[in-house]
Amino acid sequence: MAQPSASSNSSEEALPENNQAASALAQATEAKSDADEVKKTEELYNQVEETLSKVPPLDVSGAEELSPEGSTAQDDKALAEPSSYISPETMSQLETITTGSALDQYIATATEYAMSGWHVEGSSKVIGTPKIADGEYQGQKAKILEVCLDSSQVKVFDSSGNLMNSAQATRSLNIFTLIEDKGTWKIASQDFPNNADC
């Protein structure tokens, strides 16, 4: 999608990435679930899930004072320095398979899992009829895919071992943006349409 020129007026700003993806998907073609792009998306997302399943809980013994906003000093530090809460191995694995806003999103998830002592098991599967479109992500050519993910085999447990996601919907439409980085495909963003039912 073309970016506005410097002479454009200020009301014609570039659409946020998820709106660009939605625009691209309006022109998307349906694909088989075994198309290369679909298989690569599922593979990369399963690698993210596997990486998140190995995030060890932090030792958070001792109470922390709440900041005026209601978050703990530990929460504030994690947002500023997530690498102090997740291992270099986790960070490296995520950087190998993700980039852009997806990397930030998955680092935040890994940090939340570590701080909360949560544990995830299982992996998602693409079902239904995906859509694929060519697009851009931060000025780079991208593949944009809308896929229905079946997460019925994914279980999230709290620090006491209680299942946390048993009542949630197990299928949802996801919009993935993939870019090629030095010959390797990576997830650059993961969004959801307004209606994620599938």
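What follows draws every value from the coordinates through simple rules; no lab data is involved. This one's a predicted model, so the numbers in the text were calculated from it and none came from an experiment. Reconstructed Cβ throughout: ideal geometry from the backbone, glycine too, with neighbour counts over all protein chains shown.
Peptides 121-134, 97-110, 30-43 ranked from most to least packed, by the mean per-residue count of other Cβ atoms within 10 Å: 97-110, 121-134, 30-43. Separation of the alpha carbons by more than 18 angstrom is noted, of K39/K143; K32/K182; K40/K141, for K32/K182.
Taking Cβ atoms as reference points and 15 Å as the exclusive limit, the residues near V156 contribute a net charge of -3, counting Lys and Arg as +1 and Asp and Glu as -1.
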